[in-house]
Amino acid sequence: MAIQCSGAVGECSGTGGHEAHPTESAPDPSPPARLVPLLALACGSSVATVYFAQPLLVTLGERFALDSGLLGAIVTVTQLGYAAGLLSLVPLGDLFDHRRLVTGQLGLLSLALLAAGLAPGVAALLGALAVVGLLAVVAQTMVAAAATLTPPARRGRAVGTVTGGIVTGILLARAAAGVLADLAGWRAVYLVSAGVTAVLALLLRHVLPSGSPSTGVREESYGRLVASTVTLFVRHPLLRIRGALALLVFASFSTLWSGVAQPLSAPPWSLSHTAIGAFGLAGAAGAGAAGVAGRWNDRGLAQRTTGIGLALLALSWLPIALTRQSLWALAIGAVLLDFAVQAVHVTNQTLIHAVQPDAGSRIIGGYMVFYSAGSSLGALGSSLAYATAGWPAVTALGTSFSLAALLLWATTRRMSLASV
């Protein structure tokens, strides 16, 4: 049965007119009960490696003699590596056994983190962080694996759980990095993460089921498989629209979290690494949106979830604008922003995977290129804005990204789509 999308982008229905998932049969047997929570933990740990530098930017700038306008380059180079990995590595999830692919990438990621922790100079650090970003895309391979291994009726909740782990990892990365940096220096952040990643690789090797891709996918060459990622996005408007939403939403997200270390480390606050990273704990409260959004998506409320999330994202910048006057305002804004981002992100991933489940890894990989581009844009834009006009300019930038996402959703939600 074809999935029809009409009346609103992303609200797909069969002949009954209600939003539904495709009717492909569920995997049999079901995956181990402990698999999804372990994947959530591993995803969070992996993607956190991309964000460790954010509360350390001022320290890294001093250590490697970078001025404030260039601090965003530390985050940007990692995100560029991430984008390259999304296009070159994530599609392999449709070609190779998930267990071998996931554990192999985790092992290599551990080595890249070790190199970052031992980097003698800025060139070595940036090179190691680019490789960290490249390999951290294993998190998206694990999202695709969770979606593939879970029956359609529970897929939204599974994706929500794993995505919640990713977002919690991103946010707690700041707190963990701050504490470790204050206790043992910035290098300890990457060295400890290298050890944790290696342990998770061993655990997943014992828990993750082996599985082969479908015959048609297995017979494709790697080049055609990667090229088909672009073809999928050309063919399906839903993928392009949800990708554009991801770019704008994560540009707003990165504008806050890549820029906030500078005003918090300066007077009147002059906070330590630990205190700056602790604001990630406030934001982590918003990660609960991932599970809520997953349940709403299973009930066919994708458009409602998207609209509420984008409205909250725009509103979150009102208290964030008061960061120089009140840390409580920043905490409230961070909770709202992270809740909104996760609600939209889970909705996006659930909907796009349903477009063509046997190409789940390629679709999620292509979608996350938009995510990575938005994160890079927000990181670089926030550092340049702060260097130019301070926190008000950063706030204006983040608000602009949020309003652009809301406008995009409002103008495309009634677009009629053919069968996808």
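Some notes on this structure:
- Per the conditions (1) open to solvent by 10 Å² or more (accessible area, probe 1.4 Å); (2) assigned to a helix (DSSP H, G or I), the sole criterion not satisfied by residue 133 is (1).
- Residue check: residue 300 meets all listed conditions (1) on the phi > 0 side of the Ramachandran plot; (2) at pLDDT 85 or above but one, namely (2).
- Of the residues making up segment 326-340, those that are surrounded by fewer than 19 Cβ atoms within 10 Å (Cβ to Cβ) and over 13 Å from residue 264 (Cβ atoms) are 328, 332.
- Of all residues in segment 52-78, those that are in a loop (DSSP other than H, G, I, E, B) have Cβ atoms under 6 Å from Cβ atoms of residues that are among the polar types (S, T, N, Q) and modelled with pLDDT of 80 or more, 6 or more apart or on another chain, in 71/383.
- Count of segment 65-82 residues, restricted to those that are modelled with pLDDT of 85 or more and open to solvent by less than 20 Å² (accessible area, probe 1.4 Å), is 3.
- Qualifying residue in segment 35-58 (condition: more than 29 Å from residue 201 (Cα to Cα) and at pLDDT below 90): yes
- Looking only at residues of segment 374-420 that are outside any helix (DSSP H, G or I) and open to solvent by less than 40 Å² (accessible area, probe 1.4 Å), we find that the one that is modelled with the lowest pLDDT is 420.
- Listed by position, the helices (runs of 4 or more DSSP H) inside segment 169-280 whose residues that are surrounded by fewer than 22 Cβ atoms within 10 Å (Cβ to Cβ) and either under 22 Å from the mean Cα position of the chain (by Cα) or of a type in the set (D, E, K, R) (or both) number at least 1 are 186-207, 215-218, 222-235, 237-259.
- Any chance residue 350 is in contact with a helix residue (DSSP H, G or I) (Cβ under 9 Å, 6 or more places away or on another chain) and open to solvent by 10 Å² or more (accessible area, probe 1.4 Å): no
The values are calculated or read from the model by the stated rules, or taken from the named source; none is laboratory data. The structure displayed is predicted, hence computed values, not measured ones. So basically every Cβ, Gly included, is an ideal-geometry build from the backbone, and we count neighbours across all protein chains shown. All accessible areas refer to the heavy atoms of the entire protein, side chains included, with ligands and DNA or RNA removed. Shrake-Rupley method; radii C 1.70, N 1.55, O 1.52, S 1.80 Å.
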